[in-house]
Structure formats: C-alpha cells, structure tokens
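Colleague: The structure under discussion is supplied below as structure tokens; questions concerning it will follow.
Bear in mind these aren't lab numbers, they're just calculated from the coordinates by the rules spelled out. Just so it is clear, the model here is predicted, and its values are computed rather than measured. With ideal geometry, Cβ positions are generated from the backbone for all residues, glycine too; neighbour counts draw on all protein chains shown.
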Ligand SMILES: CN(C)c1ccc2c(c1)CCN(c1cccc(-c3cc(Nc4ccc(C(=O)N5CCOCC5)cn4)c(=O)n(C)c3)c1CO)C2=O
C-alpha cells in the first residue's frame with residue numbers, strides 16, 4: 001500500500017522504462033477535444049482504451065518535454081492520470097494517457113448539477129487530495145490545479161491531470177501572471193506577485209478546487225475581473241462558503257487560503273482531514 005495509505009502502490013514493471021510507444025501499436029479513434037497543445041483523440045493501445053494527445057510543434061518545446069516524459073512516466077498513482085508513453089518517431093509527437101471515460105471534471109460537475117450527493121462531492125475532494133499528496137511527497141508541483149484539469153472515470157472517480165504541463169506551454173499569455181489567460185482565480189498571492197510556485201501554492205488552488213466541486217462547477221469570482229480578484233484578496237476577502245459545503249469543508253478551504261504559505265496545510269494534512277470527514 002502506498003505511503004499515503006491510499007490505493008495499492010502500482011507494481012513497478014520493467015516496461016515503465018520503455019517510455020516510447022510504437023506508433024504501429026497505436027489505433028486512433030474519434031476526437032475527444034482540444035487542449036493547450038492541440039488535438040486529443042480516443043485510441044487503442046495494447047488492448048487498452050487510451051487518450052492520445054497530438055502535440056503541435058509550435059505549442060510545446062519538444063526537447064525539454066522528452067526529458068520530462070521520463071520523470072512523468074515514473075509518477076504513478078491511482079489518483080493521477082497515468083502517462084503510458086510518448087510517440088516521437090513521427091511528427092507530430094503524441095502522448096499516450098490512460099483513458100478517463102467521463103472527461104473533464106468542470107464539465108462533469110455542470111452536467112451533474114443537482115445530482116451530486118454529499119458523499120460524491122467529498123469523495124472527489126478526497127481523490128484529488130490523495131493524488132496531490134503523492135505529487136507533494138514526490139516534490140512535484142502541479143502549477144495549474146483546477147477542476148478543468150482533473151478528469152472523471154467511471155463511478156465518479158476523479159484523477160489529477162496535466163500536472164506540470166504549464167511549463168511547456170509556449171503561449172506566453174498563459175505563463176505571465178499579468179496576462180489575460182493566467183489562472184489568477186486559482187493562484188496563490190505569491191504566485192500572482194512573484195511567480196513563486198510550491199506545493200503550498202498548489203494547496204491554495206486546491207481550496208478553490210473544493211469550492212468548484214461544492215458549487216457544482218460554477219466559476220469562482222464569476223463576474224469579477226482578474227484585477228478585481230487580486231484587489232479583494234489583498235483586502236483579505238475570500239470566496240464565500242458554497243451553499244452545499246458543510247462548515248467542516250469550508251474551514252479547510254479557508255485554511256488553504258491563508259495569506260502566508262507556511263500557515264496553509266500540507267496535502268498530507270488535507271488528505272487526513274478529508275479522510276476523517278468521510279469516515280464520519
Ligand atoms: C497546460 N495545461 C494545464 C493543460 C495542457 C493540456 C490540457 C489541459 C491542460 C486540460 C485539457 N486538455 C484536454 C483536452 C482534450 C481532452 C483531454 C482528455 C480527455 C479524456 N477523456 C474524455 C472522455 C470523454 C469525453 C467526452 O467527449 N465527453 C462528452 C460526453 O460525456 C462524457 C465526456 C472527453 N474526454 C481523457 O481521458 N484524457 C486523458 C484527456 C484533455 C485533458 O488532458 C489538455 O490536453
């Protein structure tokens with residue numbers, strides 16, 4: 001069992017070192033959507049259903065990503081969307097991931113509005129805290145944790161996706177905090193001001209993530225501009241308790257939004273708190 005007491009540790013097999021996928025073994029299917037780096041298709045690989053991301057050259061710095069792929073191949077946890085391998089023999093390069101049947105969590109929450117029980121919402125927060133506690137213990141920072149970057153498999157299981165991928169986005173509208181596409185509404189103050197990313201800035205984003213889950217996929221600070229959000233945060237204002245959130249969960253959200261990162265909980269602590277709430 002893994003160190004965070006969660007799901008059984010994947011048995012490390014030798015194939016994990018083979019981070020290259022043979023394109024001959026890959027069957028491509030219909031389009032699932034498009035992300036930062038281009039088209040994402042459904043597919044089949046070694047009798048497994050997969051999601052295949054075709055990487056447009058101009059969107060991602062290929063060379064450094066290939067190095068990163070080896071690291072990401074070894075980040076293995078049942079609450080992280082698993083990278084099976086990379087196809088680099090032909091262009092465009094493509095990434096082969098485990099398939100998550102119900103797509104992105106933010107769309108799913110909106111589609112399930114009014115139908116999600118307290119157990120399911122708490123379970124989603126617990127799932128993501130497990131995946132994030134594993135990344136934290138591996139000293140890996142997500143940098144863009146949000147419901148839109150989590151995926152849903154069957155039976156409402158949620159996994160963390162696209163961790164660390166912001167570093168390969170060449171579109172600088174995303175990477176500098178003053179620009180329009182930067183996810184200010186999910187970013188800790190030290191990230192907005194100094195681009196200081198850490199697991200504690202991921203914890204801030206996790207607080208906003210929990211707010212999204214208990215607000216059934218609503219946008220945080222819905223009709224406010226990024227600048228207005230920064231102003232209200234500096235004034236000490238925070239997102240309000242979602243109607244569906246119990247006080248105990250709202251307390252955890254507010255703990256994640258402490259101004260000073262050292263005053264915020266670790267994911268290990270959040271996992272423990274959420275696990276004890278779900279045992280009640
Ligand atoms: C830099 N950052 C933070 C990035 C970079 C790339 C991406 C993202 C963030 C997040 C978005 N994204 C992206 C884009 C496109 C696909 C995937 C994406 C979609 C999957 N699965 C599904 C399944 C079903 C459906 C579907 O059509 N529906 C409709 C009917 O009801 C069920 C759901 C959609 N996606 C999947 O398994 N993976 C691994 C990735 C993903 C997730 O990966 C990216 O590719």
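Colleague: Could you grab the relative contact order for segment 214-280? Cα pairs under 8 Å, six or more apart, rounded to a whole percent. Intermediate values should be presented prior to the final figure.
Modeller: Working: 24 pairs, mean separation 16.1, N = 67.
Relative contact order, segment 214-280: 24 percent.
Colleague: For segment 187-201 and segment 234-280, compute the distance between their C-alpha centroids and round to whole Å.
Modeller: For segment 187-201 versus segment 234-280, the Cα centre distance is 17 Å.
Colleague: Also, quick follow-up: What does the convex hull of the Cα atoms come to per residue for segment 87-230, in Å³?
Modeller: Details: hull volume 18.3 nm³, N = 144.
About 127 Å³ per residue, rounded to a whole number.
Colleague: In cubic angstrom, how much convex hull volume per residue do the alpha carbon atoms of segment 222-280 span? Could the numbers behind the result be given before it?
Modeller: Working: hull volume 5.8 nm³, N = 59.
Considering the Cα atoms of segment 222-280, their hull volume per residue is 99 Å³.
Colleague: Provide Rg over Rh for segment 32-155; use the alpha carbon set for both Rg and the Kirkwood Rh (inverse mean inverse pair distance).
Modeller: Numbers: Rg = 15.3 Å, Rh = 15.8 Å.
Reported Rg/Rh, Kirkwood definition of Rh: 0.97.
Colleague: Moving on. Grab the DSSP H runs of the chain that are 4 residues or longer, score each as -39,500 (n - 2.57), total them, divide by all residues and round the 222 nm result to the nearest 500 deg cm²/dmol. Don't skip to the end; give the middle numbers.
Modeller: Numbers: 9 runs with 97 residues, N = 280.
Theoretical 222 nm ellipticity from helices: -10500 deg cm²/dmol.
Colleague: So, one more: Could you give the alpha-carbon Rg of the chain over 2.2 N^0.38 Å, rounded to two decimals?
Modeller: Details: Rg = 18.5 Å, N = 280, 2.2 N^0.38 = 18.7 Å.
Normalised Rg, Cα atoms only: 0.99.
Colleague: Give the order of 54, 93, 210 when sorted by the count of other beta carbons within 10 angstrom, beginning with the fewest. Walk me through the intermediate numbers first.
Modeller: On the way: 54 17, 93 21, 210 27.
Ordered by Cβ neighbours within 10 Å, fewest first: 54, 93, 210.
Colleague: By counting other Cβ atoms within 10 Å of each Cβ, how are 95, 280 ranked from fewest to most?
Modeller: Numbers: 95 24, 280 7.
With the fewest neighbours first, 95, 280 line up as 280, 95.
Colleague: With a 10 Å Cβ neighbour count serving as the proxy for reagent exposure, in which order, fewest first, do 241, 53 appear? Write out the running numbers ahead of the final one.
Modeller: Values: 241 17, 53 25.
Exposure proxy ranking, most exposed first: 241, 53.
Colleague: When the Kirkwood hydrodynamic radius is evaluated over all pairs of different C-alpha atoms of segment 105-168, what value in angstrom, to one decimal, is obtained? Walk me through the numbers before you get to the answer.
Modeller: Values: mean 1/r = 0.0807 Å⁻¹.
After inverting the pairwise mean of 1/r, the radius is 12.4 Å.
Colleague: Hey, what does the equivalent ellipsoid look like for segment 159-266, semi-axes from the Cα gyration tensor as sqrt of 5 times each eigenvalue, largest first, whole Å? Kindly include the intermediate steps, with their values, before the conclusion.
Modeller: Working: eigenvalues 94, 48, 45 Å².
They are 22, 15, 15 Å, listed from largest to smallest.
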